Amino acid sequence: MSHYLQHLETVRARFDEALTAQGLRSVLIYSGYPAVAFLDDNSYPFRVNPFFKYWIPVTESPRSFIFYEVGQRPRVFLHQPRDFWHAQPQLPPGEWRDAVDLTLIEGAQAVRGALGSDLSQTAFIGEGPEVIADWGLAAVNPETLINHLHYQRAIKTSYELECMRKANYFAARSHNAARDAFYNKASELEIHAAYLAAMKCRETQLPYNSIVGLNEHGAILHYDHYDVDAPSEHRSFLIDAGAYYNGYCADITRTYAAESTGFFAELVEAVDQAEQAIISAVEVGRSYYDLHVGMHRKIAQILKAFGFFKIDAETIYERGYTNAFFPHGLGHYIGLQVHDVGGYLKNAQGDAFARDARHPFLRLRRDVQPGQVFTIEPGIYVVDQLLEEFEGNEDFNWQRIGELRPYGGVRIEDSVLVTETGTENLTRNAFAAL
Ligand SMILES: [Mn+2]
């Protein structure tokens, strides 16, 4: 059986389990629809409901439905309006077409007619059209059902891994194009365009807005402005950019120094080494929180080694100073969504981990298990807003911190699959395969 057909069997089994646990018989999943700007007739880019693309690799069909009843063949209702204004969406070829019952529809009422009158044991998942309000559905987006499905989604199928390996391959190829543009002294906008050109896509077809930061801009964590003009000097380049394949995401960050030697090049190398060391420490049963804390201790050692502090590494960590340089979490699940779901769920019943007071931005608390894919993305930045509260603090070597400021910062991010015996680095393997 192919990877996709095995995947479909797993998705069916997961829905069977989750629906039965809720006393439901079936689910109706809506792909969604593009939102329209206020007082306007132009829509924002369409983002498909992740549960829709979980079943079939169809990401560009708004106003479509999947109906699944426990133990039955999935039924897909694809919206194909008779409309001469727009190009008709092309149905992606593939095995999915033979694995489902496929019906083309022009409106939601056709689905209502096909499903019959009794939907009292059917849950609806999606941003629903208003028309479903009187369909007599058991529930709309019931939290307990969604928690159950989110919990299961942390373990990837072999089909999902194939998609994510390909997404990483395409993202890595574009990353190299962006890197080359940086060394050719391009502007941020030109580097962004080089990334898209290598991907052969428009920016709305990426899973998130690429972060393309030259020099100081590397310190702005969600920098998604692109300067049109190149700076007078190219010192450093931080790029956080991804790709989709069949709706599955890649999320990669790399940082480059313009000079191959010197202080900033060494800092990039140190963060890269620390990232790989933490990946080596990933093992089944360990908590991701432990890895996050382990990374803070490594960041403290780097901050000490590079002279940013006058105190020892242990004290840097104990006094909480690493949070000012590495303010975000170590990483997150990745899959159908860039920041994939279920990272705070303890079990399929929906019990959740509490947010940690010291590390509130960590997106993942679960223990490491085979089949999970998560990112590992440490960073060190000069974020003045975070340093303000330590102004005048003699533990800090402010002169040395001032030397890093013109470079912004460093982040290195890979996606890692947990296996029974260790890890597979989807991102580094993709770069190596280019
Ligand atoms: Mn990430």
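Points to keep in mind about this one:
- The residues Y317, Y344, when put in order of fewest to most other Cβ atoms within 10 Å, stand as Y344, Y317.
- Fewest-first sequence of W55, W85 by Cβ atoms within 10 Å of each Cβ: W85, W55
- Helical contribution to [θ] at 222 nm, DSSP H n ≥ 4, -39,500 (n - 2.57), averaged over the chain, rounded to 500: -10500 deg cm²/dmol
- Subtracting the Cα-Cα distance of A133 and E391 from 0.36 nm times their residue separation leaves 87.3 nm of extension gain.
- Neighbour-limited loop hits for trypsin sites (Lys or Arg not before Pro), the stretch 349-433 (at most 12 other Cβ within 10 Å; DSSP other than H, G, I, E, B): R355, R358
- A full extension of the chain between T421 and N141 corresponds to an added length of 97.1 nm, given 0.36 nm per residue minus the alpha carbon distance.
- Taking amide H as placed 1.01 Å from N in the peptide plane, H79 has its amide H under 5 Å from the amide H of S64, F65, I105, each at least 5 places away in sequence or on another chain.
- Spacing of the modelled spin labels on W398 and F84, each 7 Å from Cα toward Cβ, amounts to 7.2 nm.
- Over all pairs of different C-alpha atoms in the stretch 195-354, the reciprocal of the mean inverse distance, the Kirkwood hydrodynamic radius, equals 18.1 Å.
- Here each label is just a point 7 Å from Cα along the line to Cβ, and for N347 and A197 those points are 5.6 nm apart.
- Taking the fewest neighbouring Cβ atoms within 10 Å as the starting point, the ordered list for T419, T427 is T419, T427.
- Amide H contacts under 5 Å for S236, placed H, 5+ residues apart: N215, A258
- Share of alpha-carbon pairs per 5 Å distance bin for the stretch 158-433, given as whole %: 1, 6, 13, 17, 18, 17, 13, 9, 4, 1, 0, 0
- FRET efficiency for the pair A305 and I220, taken as 1/(1 + (r/R0)^6) with r the Cβ-Cβ distance and R0 = 22 Å, rounds to 0.30.
- Kirkwood hydrodynamic radius of the stretch 3-153, Cα pairs, Å: 16.1
- q = 0.10, 0.13 Å⁻¹: log10 I(q)/I(0) that the Debye formula gives for the stretch 140-251, counting C-alpha atoms only: -0.37, -0.57
The numbers here are math on the coordinates, done by the rules we state, and not lab data. Since the structure is predicted, the reported quantities are computational estimates derived from the model, not experimental observations. As a convention, Cβ positions derive from the backbone with ideal geometry for all residues, glycine included, and neighbour counts pool all protein chains shown.
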